[in-house]
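J.: Dropping the structure in here first, questions after.
The values are calculated or read from the model by the stated rules, or taken from the named source; none is laboratory data. Just so you know, these numbers come straight off a predicted model, no measurement behind them. Positions of Cβ are generated from backbone atoms using ideal geometry, with glycine treated the same way; all protein chains shown enter the neighbour counts.
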Amino acid sequence: MSLHRFRHTLGTELMKEPDRNLHIVKALLGHSNISTTLEYVEVDIGSLRSTIEGRV
C-alpha cells in the first residue's frame, strides 16, 4: 500500500467514528484547506445507509 492510499484509507476510517467531523480529520491529516481533506475522505455506503435509516 502506498502512502497516498494509506492517507485515503485513514481519512475514510476516521470519518466513520461517530464523534468525528471533517474539521477534526482535516487537523489530523495536517491539511490547511478543507477541500483537500474532502479529496481524501470516501463515502462509506454502509454508514450512509445507517444514517438515513436512523433518521426515517
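J.: Can you give me the number of residues within the stretch 1-26 that are under 21 Å from ARG49 (Cβ atoms) and assigned to a loop (DSSP other than H, G, I, E, B)?
T.: 6
J.: A follow-up question, please. Given the structure, is GLU53 among the acidic types (Asp, Glu) and either at pLDDT 85 or above or part of a helix (DSSP H, G or I) (or both)?
T.: Taking the combined requirement at face value, the residue satisfies it.
J.: For the stretch 1-26, give me each residue that is surrounded by 10 or more Cβ atoms within 10 Å (Cβ to Cβ) and among the hydroxyl-bearing types (Ser, Thr, Tyr).
T.: THR9, THR12
J.: Search the stretch 27-49 for residues being outside any helix (DSSP H, G or I) and within 12 Å of the chain's Cα centre (by Cα), and hand back the single one that is surrounded by the most Cβ atoms within 10 Å (Cβ to Cβ).
T.: VAL41
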